[in-house]
Amino acid sequence: MNIKSLLLGSVAALAAVSGARAADAVVVAEPEPMEYVRICDVYGAGFYYVPGTETCLKVGGYLRYDIGVGKGGYGGLIDVTDKRDFDKTHDTYYKRARAALELDARSETELGTLRGYMHINYDWDTVVNEDEDEGTRFTDTAADFGIEHAYIELGGFRVGKTDSMFSTFTGYAGNVIEDDLIAYGPFDTHQISYTFTGGNGFSAAVAVEEGNDIYTLDSYAPHVVAGAGFTQGWGGVSGVVGYDAVFKEWAGKVRLDVEATDQISLFAMVGYGSEKNISHSFYKTWNGKWAVWGGGTYKLNEKLSFNLQASYARGSDKIRTEDGDTIARQTAVVANVAYDVVPGFTVTPELAWNSQRFEDEAGDRHRESNWGGFLRFQRSF
């Protein structure tokens with residue numbers, strides 16, 4: 001009887017516990033609806049709406065690897081010290097690995113498109129550490145960080161850090177990597193600008209800029225740039241003028257672009273500037289009062305393009321080397337083939353030749369000419 005009573009009591013206890021657990025059963029909440037990312041095609045491919053806002057964002061950039069050799073163009077590292085025998089020198093590679101990040105945020109307002117844009121570079125370079133006292137030039141590697149662009153736009157107004165309008169309004173130069181072997185204008189600067197874009201292909205712009213390096217403003221008077229352009233299906237023409245408020249010099253450029261065929265595009269550009277107070281100013285970056293650039297692109301097919309650029313600067317007797325020679329003339333020719341291996345990955349081998357003619361105080365002249373090679377791998381996204 002005792003055993004029977006014990007068994008019955010155990011069964012009753014288990015039933016009570018089971019009933020209590022059933023009464024306290026956990027209720028699983030239904031998942032909240034997810035807000036999927038919406039595509040924003042108003043500003044082109046790659047933009048999407050930031051969840052919960054009407055702001056469109058594009059995240060992009062590229063990974064790049066460059067190799068330079070030779071004495072011409074960007075070339076390699078020349079006359080570096082042998083690390084085992086300081087009396088010897090060698091030539092070696094120049095290399096750079098770059099990771100670039102771009103963020104582009106845009107939204108529509110009653111005053112026009114509001115935009116914020118940034119482009120940041122992270123570099124790992126082969127460099128030369130030079131010790132003038134010891135007479136050595138040792139190779140090394142170094143990391144570098146740079147802000148390429150960081151600006152805000154509203155309608156046609158822009159404020160921030162970017163490349164000078166003197167270089168951008170006329171479209172830089174050609175489609176080669178080494179397009180500035182003969183410099184055509186400045187780059188990094190603080191800028192406040194306004195650009196008007198008409199519906200008939202006409203555009204005009206004006207900017208005040210701070211400059212950089214020795215051309216950075218030393219008073220409240222800013223550098224000033226103004227430009228105008230006209231673009232149609234056949235190509236376009238544009239011009240820009242800049243005034244250096246530090247050294248009180250001016251420079252101007254005019255450019256013509258022609259879409260000759262569906263495969264061939266050509267350009268020609270000429271620059272002229274004063275050198276009353278200094279041989280180079282913030283805007284006249286080439287040697288001498290005038291210089292010319294020209295070239296074009298031939299699209300062989302969807303994957304392959306051939307690019308060519310030639311440039312020439314007259315030189316000036318105001319520019320002298322350490323030996324006292326003047327740089328009379330400069331010439332540069334650059335050609336490359338850009339091959340899109342797959343979408344987003346381009347390999348560009350490039351060859352450059354540049355020449356300088358020097359003249360000493362006695363009027364005797366001599367010329368130095370060099371070749372250089374450059375190879376770029378770039379994954380854009």
Positive end of the charge dipole of the stretch 333-381 (Lys, Arg +1 and Asp, Glu -1 on Cβ, about the Cα centre): tell me which of HIS366, GLY344, ASN354 has its Cα farthest that way. GLY344
Set LYS71/LYS276; LYS71/LYS284; LYS161/LYS303, cut-off 31 Å on Cα-Cα distance; pairs above it are LYS71/LYS276; LYS161/LYS303
Run the helix sum for the chain: -39,500 (n - 2.57) per DSSP H stretch of 4+ residues, divided by residue count, reported at 222 nm to the nearest 500 deg cm²/dmol. -2000 deg cm²/dmol
About the Cα centre, and with charges only on the beta carbon of Lys, Arg (+1) and Asp, Glu (-1), how big is the dipole of the stretch 145-217? Nearest 20 debye, please. 340
Students often get this wrong, so try it: which of (i) 58, 30, 22; (ii) 29, 26, 22; (iii) 39, 21, 20 is semi-axes √(5λ) of the Cα gyration tensor in Å as calculated from the structure shown? (i)
Rounded to the nearest 20 debye, what is the charge dipole size of the chain about its Cα centre when +1 sits on each Lys and Arg Cβ and -1 on each Asp and Glu Cβ? 1160
May I ask you to list the GluC sites (Glu not before Pro) in the stretch 99-164 that are in a DSSP loop and have at most 14 other Cβ atoms within 10 Å of their Cβ? GLU110, GLU132, GLU134
Proximal charge balance of LEU101 [Cβ under 14 Å; K/R count +1, D/E count -1]: 0
With +1 assigned to the C-beta of every Lys and Arg and -1 to the C-beta of every Asp and Glu, and no other charges, what is the dipole magnitude of the stretch 37-150 about the Cα centre in debye, to the nearest 20? 660
Can you tell me the FRET efficiency between LEU101 and ASN129 if r is taken as the Cβ-Cβ distance and R0 is 25 Å, rounded to the nearest 0.05? 0.30
Computed over the Cα atoms of the stretch 120-195, what is the ratio Rg over Rh, Rh following Kirkwood? 1.12
If you average the C-alpha positions of the stretch 60-93 and of the stretch 123-171 separately, how far apart do those two centres end up, in angstrom? 19
Environment charge of GLN263, counting only residues whose C-beta is closer than 12 Å and scoring Lys/Arg +1, Asp/Glu -1: -2
Quick one: net charge around ARG376, please, counting Lys, Arg +1 and Asp, Glu -1 for every other residue with C-beta under 12 Å from its C-beta. +2
Order these by the 10 Å Cβ neighbour count, fewest first: MET165, MET118. MET118, MET165
Under 10 Å, Cα contacts only: if you run a Gaussian network model on the chain, which one of THR162, THR141, THR331 comes out with the highest mean-square fluctuation? THR141
In terms of modelled amide H atoms, which long-range or inter-chain residues lie less than 5 Å from the amide H of THR136? ASP131
What is the order of LEU300, LEU217, LEU154, fewest Cβ neighbours within 10 Å to most? LEU300, LEU154, LEU217
Burial ordering of TYR243, TYR93, fewest other beta-carbon atoms within 10 Å first: TYR93, TYR243
Residues of type aspartates and glutamates that LYS58 reaches as a straight line, Cα spacing below 19 Å, ignoring anything fewer than 8 places off in the same chain: GLU35, ASP41, GLU102, ASP104, GLU108, GLU148, GLU153
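Bear in mind these aren't lab numbers, they're just calculated from the coordinates by the rules spelled out. Small disclaimer: the values here were computed from a predicted structure and weren't measured. Positions of Cβ are backbone-derived with ideal geometry, glycine not excepted, and every protein chain shown enters the neighbour counts.
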